[in-house]
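Have a look at the structure below, then the notes.
The values are calculated or read from the model by the stated rules, or taken from the named source; none is laboratory data. Because the structure is predicted, anything quoted here is derived from the model rather than measured. Every residue, glycine as well, gets a Cβ built from its backbone with ideal geometry; the counts of neighbours run over all protein chains shown. To get the accessible areas, we keep the full protein, side chains included, count just its heavy atoms, and leave off ligands, DNA and RNA. Shrake-Rupley method; radii C 1.70, N 1.55, O 1.52, S 1.80 Å.
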Amino acid sequence: MEKIKIFTDSASDITHENEKHLDIGMFNFNIAMGEKSYVSRVDFNNEEFYKLMGEYDGIPTTSQITAYEFQEMYEKFYKEGYTDLIGILINSEGSATYENSLMAYKLFVEEHPEAEGKFRVHSIDSRNYSGAYGYAVVEAAKMVGEGKSAAEIVAFAKDWVDHCVIFFVPYTLKYASKSGRIPSAAAFVGDKLGIKPVMRIYDHKISTALTVRGEKRVVKKIAEKTMADIEKGAPYMIVYGDNTEVRDQMAEEMTRLLGYAPADFYQIGAAIAANAGPTVTGVIFKEK
């Protein structure tokens, strides 16, 4: 009989409540600000991190989850009798975390040849960020509770990440430009002219879907673009940062256009805010 465990990393932005109640394994990214180092989700909550960002002149940096950390977890759950670990992890082109999870399993099997075929680790590259794979993590954990097989859960997760898109707007381009997500010159001009890029994240890539002049039009434009691309009747989620008013406006506009409310809300944590800034809004959905 299968005994299944779901695990992820903190850039998935799942809530602490879901992590606890759905028994999800979590790897927390380390965040550095100058000479100070913190552990995301442990040393601060989201609001406390936003405050730290506001007080820090530089750009926070994140560290990958190492193969050693993965190997430690594999050892733990192997001893606890699990047969299948299913990990849904941050975009492999934005972090070496996914590759390290694969390396760790290879090393684990070399040390425990008797486990091969009996203890399986299914690492899934989300090819995305935040709730784009956080949603798959939460739904996968619910499927474990429903008694679904590892094969069914892996198939669901892979299908979701294969078709999931985020449209989002960072309200300041300072962080995205310094982290390399947006060219510095474009970010400087955009901030000066009040132009907000609607970024599209899909299949590892971050591109500009369209640009919007003025903050007041951002919500409407994202909602209209999502409406054109979403799979009919599919669930969608709102991603946001430190501005709950904009979050609520996005939810209201999406509900008005689609006729049904968002399935969930994902507030960006330290790993995402370090690259996008604390103030963002956007929609996560399955593309038709």
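Does G134 satisfy the condition of being among the small types (G, A, S), at pLDDT below 95, buried (at least 19 other Cβ atoms within 10 Å of the Cβ) and in a helix (DSSP H, G or I)?
In short, no.
Give region 273-288 a look and list any residue that's over 12 Å from M199 (Cβ atoms) and assigned to a strand (DSSP E or B), or say none.
Matches in region 273-288: I284, F285, K286, E287.
State all residues of region 204-239 that are over 15 Å from L257 (Cα atoms) and at pLDDT 95 or above; if no residue qualifies, say none.
Once the filter is applied, which keeps residues that are over 15 Å from L257 (Cα atoms) and at pLDDT 95 or above, region 204-239 yields only V239.
Could you check region 247-277 and list, in sequence order, the residues that are under 15 Å from F168 (Cβ atoms) and open to solvent by 20 Å² or more (accessible area, probe 1.4 Å)?
R247, Q249, E253, P262, F265, Q267, I272, N275
Restricting attention to region 238-264, which residues are in contact with a Lys or Arg (Cβ under 9 Å, 6 or more places away or on another chain), touching a residue at least 60 places away in the same chain (Cβ under 8 Å) and part of a strand (DSSP E or B)?
Once the filter is applied, which keeps residues that are in contact with a Lys or Arg (Cβ under 9 Å, 6 or more places away or on another chain), touching a residue at least 60 places away in the same chain (Cβ under 8 Å) and part of a strand (DSSP E or B), region 238-264 yields only V239.
Go through (1) over 27 Å from T279 (Cβ atoms); (2) hydrophobic (A, V, I, L, M, F, W, C); (3) touching a strand residue (DSSP E or B) at 6+ places or on another chain (Cβ under 8 Å) one by one and return the number of the condition I14 breaks.
(1)
Given region 1-118, what helices (runs of 4 or more DSSP H) lie entirely inside it while holding 3 or more residues that are within 28 Å of G241 (Cβ to Cβ), open to solvent by less than 80 Å² (accessible area, probe 1.4 Å) and without any contact (Cβ under 8 Å) to a residue 40 or more places away in the chain?
97-111
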